[in-house]
Amino acid sequence: MAITSVHCKVLGTDVPCVTDLEGTVTQIVCALYDPASGRCRVKNASLAGGPLSQLLEHVAEGTLASHGTRCDLR
């Protein structure tokens, strides 16, 4: 197991991730990540803002094709 630091586009900061020997992420060490659902609480809150809020959030992340609240680091 290794701990790597990955840049989170949502928070704009580096988030530590625990990976196995093959490089697969096994755990994300982030206060805003819900491990039970695999969702980011920031993304989940942005969906409550309506369609314009959702569009602006996806444009800011560069993920217009993505409509989910799942964590991108997973």
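Looking only at segment 9-31, filter to residues that are of a type outside the set (A, V, I, L, M) and in a loop (DSSP other than H, G, I, E, B); which one of those is surrounded by the most Cβ atoms within 10 Å (Cβ to Cβ)? Steps first, answer last, please.
Here is the first cut: in segment 9-31, the residues of a type outside the set (A, V, I, L, M) are 9, 12-14, 16-17, 19-20, 22-24, 26-27, 30.
If we keep only those that are in a loop (DSSP other than H, G, I, E, B) too, we end up with 9, 12, 20, 22-24, 30.
Values: K9: 12, G12: 8, D20: 11, E22: 5, G23: 8, T24: 8, C30: 21.
Looking at the filtered set, the residue picked out is C30.
Residue-wise test of (1) over 14 Å from R74 (Cβ atoms); (2) at pLDDT below 80; (3) of a type in the set (A, V, I, L, M, F, W, C).
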site	(1), (2), (3)
C8	no, no, yes
L21	yes, no, yes
A36	no, no, yes
R39	no, no, no
V42	yes, no, yes
S46	yes, yes, no
H58	yes, yes, no
E61	yes, yes, no
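Pairing residues of segment 39-62 that are within 14 Å of K9 (Cβ to Cβ) with residues that are modelled with pLDDT of 70 or more and assigned to a helix (DSSP H, G or I), at Cβ distances under 7 Å and at least 6 apart in sequence or on separate chains, gives S46/S53.
The values are calculated or read from the model by the stated rules, or taken from the named source; none is laboratory data. Keep in mind that this is a model prediction, so the values were computed, not measured. No Cβ is skipped: glycine too gets one built from the backbone with ideal geometry, and neighbour counts run over all protein chains shown.
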